[in-house]
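Remarks on the structure that follows.
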Amino acid sequence: MSEHDTPAQKANTETTSIDAKEQANDDSRFMKMAMEMAAKAEEKGEVPVGAVLVKDGEVVSAGFNYSIGLHDPSAHAEMQCIRQAGKLLENYRLLDTTLYVTLEPCAMCAGAIVHSRISRLVYGANDEKTGAAGTVIDIVRHPAFNHQVEVTAGVRDVACSEQLSAFFKRRRKEKKAAKALAKLESSELAGKG
């Protein structure tokens, strides 16, 4: 806004600012819901990633990683959420929706996001190894595709990263303890023989 702006331009700028604040609040609220879904994954021994799909301000579907439990490498949080939404909306096109996910989608999930025509992707933590929404590769905004997705990255990124880090730290500790116990049991058995 400058001193030379007309009253209409000033009002438009103020409206845009209010809309941006409302959008940021909605993004934070829905990401919190995605984090709650991630906690459900962790309760099942899965990598804690959660997703929530929203249309017109209402949650349509939610999902969490369940690849181990379902013996399905495609059962990522995003895929679970997209499949559920397609059934509920009775359409494979998820037009005018926003997908909230705690971790940047992989190539498989990014492809599904593009094919389902999700309008907007909001994610928390970057995935430095397999992120396909801009970190490693950008499938969701690739200019050769007939659909590009609007992306907002970094919503509750610290909290999402900490949720993942805590899980992997605990898992490494559990594996180390199990390995030490196995070694101890092995040496006790060797001592009896």
How large are Rg and Dmax for the stretch 99-193 when only the alpha carbon atoms are used, in Å?
20.5, 69
Compute a Gaussian network model of the chain, connecting alpha carbons closer than 10 Å, and tell me which residue from Glu22, Glu36, Glu150 fluctuates the most.
Glu22
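Ratio to report: Rg/Rh of the stretch 147-193, with Cα atoms as the point set and Rh obtained by the Kirkwood method; give two decimals.
Reported Rg/Rh (Cα atoms, Kirkwood Rh): 1.47.
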What are the extents of the Cα atoms of the stretch 44-116 along their three principal axes, in Å, largest first?
33, 22, 21
Just to verify a number: FRET efficiency for Arg141 and Glu174, C-beta to C-beta distance, R0 = 35 Å, to 0.05?
0.35
Stokes-Einstein D for the stretch 22-67, Kirkwood Rh over Cα pairs, 10 °C, 1.306 mPa s (µm²/s)
148 µm²/s
Where the Cα atoms of the stretch 120-163 are projected onto their three principal axes, how long is each span, largest first, in whole Å?
35, 21, 9
Distance from the stretch 49-128 to the stretch 129-175 (C-alpha centre basis), Å:
13 Å
So what is the 222 nm mean residue ellipticity for the chain from helices alone, if each DSSP H run of at least 4 adds -39500 (n - 2.57) and you divide by all residues, rounding to the nearest 500 deg cm²/dmol?
-17500 deg cm²/dmol
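Jot down the per residue volume, in cubic angstrom and as a whole number, of the convex hull over the alpha-carbon atoms of the chain. Let's see the in-between values first.
Working: hull volume 29.9 nm³, N = 193.
Looking at the chain, the number lands at 155 Å³ per residue.
No value in this document is a laboratory result; all are computed from the given coordinates. Nothing here was measured: the structure is a model prediction, and the numbers come from that model. For neighbour counting, all protein chains shown are included, and Cβ atoms are generated from backbone atoms with ideal geometry for every residue, glycine included.
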